[in-house]
Amino acid sequence: MKNSKSFPFEKSRRISTEEASAARKAIEEKTGKKRARRGRPLKSNIEKFVPTSIRLHPKVLEWAKKEAKKRGVGYQTIINEFLLAKAV
């Protein structure tokens with residue numbers, strides 16, 4: 001089937017959770033490997049960030065956002081890197 005437009009979606013059905021689980025188990029048995037975990041990889045306790053709230057001077061925030069735009073990263077990353085450099 002070259003084109004998804006030719007597939008009769010109106011005649012298809014969704015598979016149940018049990019069917020998906022059985023298929024996953026059959027694939028694992030056939031290949032002899034566990035399927036990789038989907039999604040973002042887990043972080044170690046050292047790498048985990050702590051959600052917090054902080055008040056910054058508007059000039060500091062403006063600097064961080066400009067720097068972030070130059071480097072193509074988030075402004076919170078810039079602030080975190082700066083603070084880590086000063087803390088260590």
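No lab work stands behind these numbers, since they all come straight from the coordinates. Here the structure is a predicted model, which is why all the values come from computation and not from measurement. Positions of Cβ are generated from backbone atoms using ideal geometry, with glycine treated the same way; all protein chains shown enter the neighbour counts.
Tabulated data for the structure shown
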quantity: Conditions (1) surrounded by fewer than 10 Cβ atoms within 10 Å (Cβ to Cβ); (2) of a type in the set (Phe, Trp, Tyr); (3) under 26 Å from the mean Cα position of the chain (by Cα); number of the one not met by residue 9; calculated: (3)
quantity: Qualifying residues in segment 32-79 (those that are assigned to a helix (DSSP H, G or I) and among the hydroxyl-bearing types (Ser, Thr, Tyr)) - the one surrounded by the most Cβ atoms within 10 Å (Cβ to Cβ); calculated: 75
quantity: Residue that is farthest from the chain's Cα centre (by Cα), among those in segment 33-84 that are among the small types (Gly, Ala, Ser) and within 30 Å of residue 23 (Cβ to Cβ); calculated: 36
